[in-house]
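Following this message is one structure expressed as structure tokens.
Throughout, read-outs are computed from the coordinates displayed, never taken from laboratory work. These figures come from a predicted structure and were not determined experimentally. A quick note on method: Cβ atoms are made from the backbone with ideal geometry, for glycine too, and the neighbour counts reach across all protein chains shown.
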Amino acid sequence: MSSTSQNSTDSTPQNCICLSPEGIAKASEDITHHKVSKPALKALLLAINAGAFIALAFMFYTTALADGHGKLVGGLCFSLGLMLCIIMGGELFTSTTLTLVAKCARKTTWKELAKNWTLVYIGNFIGGLLIVVLMMLCRQYDAFSGEWGKIILNTSLHKLSHVRADEPYIRGFIEAMSMGIFCNIMVCAAVWMSFAGKTLTDKMLAMIFPVGMFVASGFEHSIANMFMIPGGIGIENFAEPEFWSKTGLNPDTYSKLTVGNFLINNLIPVTIGNIIGGGLMIGVYNWYVNTRLSK
């Protein structure tokens, strides 16, 4: 490619330490096309990796809280999950929503997009559940005199509280969806900024504060919830009597932690919100502004 044609699509000087906004938008076309065109088995296995990475990051967050640190520190700890996904190539559904850019750039089809999203979503769920099983087998919920499991239970219950019995379901649905929009604005902003980096350090630093903000603010991440809420369900159903006596908690308090409530009151609206916040409001919006509206 000649220097003239390069400058027509990217205003970033060749010796610049990071890409310009226009350069990021242009690079995103090829990056997202590469993501959506991976072989099915590879995409699924990388998605299982990503689901496990995010679950492990939420365990890091829980440990930080159980050890007496606040949500801000916990949120910064959680950024480890996105770092692992980006650096080790994990396919995470929330950032995969950015592949809408590849569709807008006419580099993929709706059929390919739907297939990729489905594989990644399922793989993330498998990865998250695998970590839940390991967490239950090693009784990690007993850590810090049961405070670790108490945080999982209370956080899970809170995530199902958007839908309330005294309000129309649609009101709670919109609340959960809006929290999902906020979350993936920050997650995909982190990923989008990482596209600009040219070194490992650049990419890692770009992710820390956006992810820390969404976690500390309590926004809703569909894949993280695939660990957190099933983890709460697992503890509520299978924790030994000693855990309940040690923590002073009543199992009946957490009777709303069911698979049905998880899917209907949280996962479905949050997933829709994640698609809107990340795919449309970060991916498509920034791609359009910096490609179609740039000379």
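Positive end of the dipole of the chain, charges at C-beta (+1 Lys, Arg; -1 Asp, Glu), about the Cα centre: which of PHE195, GLY128, GLY81 has its Cα farthest in that direction?
PHE195
Put +1 on the Cβ of every Lys and Arg and -1 on every Asp and Glu Cβ in the chain; which of PHE58, ASN274, GLY23 then has its Cα farthest towards the positive end of the dipole?
GLY23
Going toward the positive end of the dipole of region 19-292, with +1 on Lys and Arg Cβ and -1 on Asp and Glu Cβ, which of PHE173, MET204, PRO39 do you reach last?
PRO39
On a 0 to 90° scale, report how tilted helix 40-66 is relative to the longest principal axis of the chain, with both axes built from alpha carbons and the result rounded to the nearest 10.
That works out to roughly 50 degrees.
Hey, with R₀ at 51 Å, roughly what FRET efficiency would TYR169 and LEU41 work out to, going by the Cβ-Cβ distance, to 0.05?
Computed FRET efficiency for TYR169 and LEU41: 0.85.
Using θ = phi - 60° and the Karplus relation 6.51 cos²θ - 1.76 cosθ + 1.60, list the HN-Hα couplings for region 75-91 in order, rounded to whole Hz, with x at every Gly or Pro.
x, 5, 5, 5, 4, 3, x, 5, 4, 4, 5, 5, 6, 9, x, x, 9
Could you please tell me the mean projected area of the C-alpha convex hull for the chain, averaged over all directions and given in square nanometres to one decimal?
Average of the hull's projected areas for the chain equals 16.2 nm².
Same structure again: What pairs from LYS71/LYS111; LYS111/LYS198; LYS26/LYS71; LYS38/LYS198; LYS35/LYS159 go past 28 Å between their alpha carbons?
With Cα atoms farther than 28 Å apart: LYS71/LYS111; LYS111/LYS198; LYS26/LYS71; LYS35/LYS159.
Moving on to the next point. If you place +1 on the Cβ of every Lys and Arg, -1 on the Cβ of every Asp and Glu, and leave all else neutral, what size is the dipole of region 19-292 about its Cα centre, to the nearest 20 Debye?
940
222 nm [θ] for the chain, helices only, -39500 (n - 2.57) per DSSP H run of 4+, per residue, to 500?
-21500 deg cm²/dmol
Expressed as a whole number of Å, what is the distance separating the alpha-carbon centroids of region 117-137 and region 160-209?
Distance between centres, Cα-based: 19 Å.
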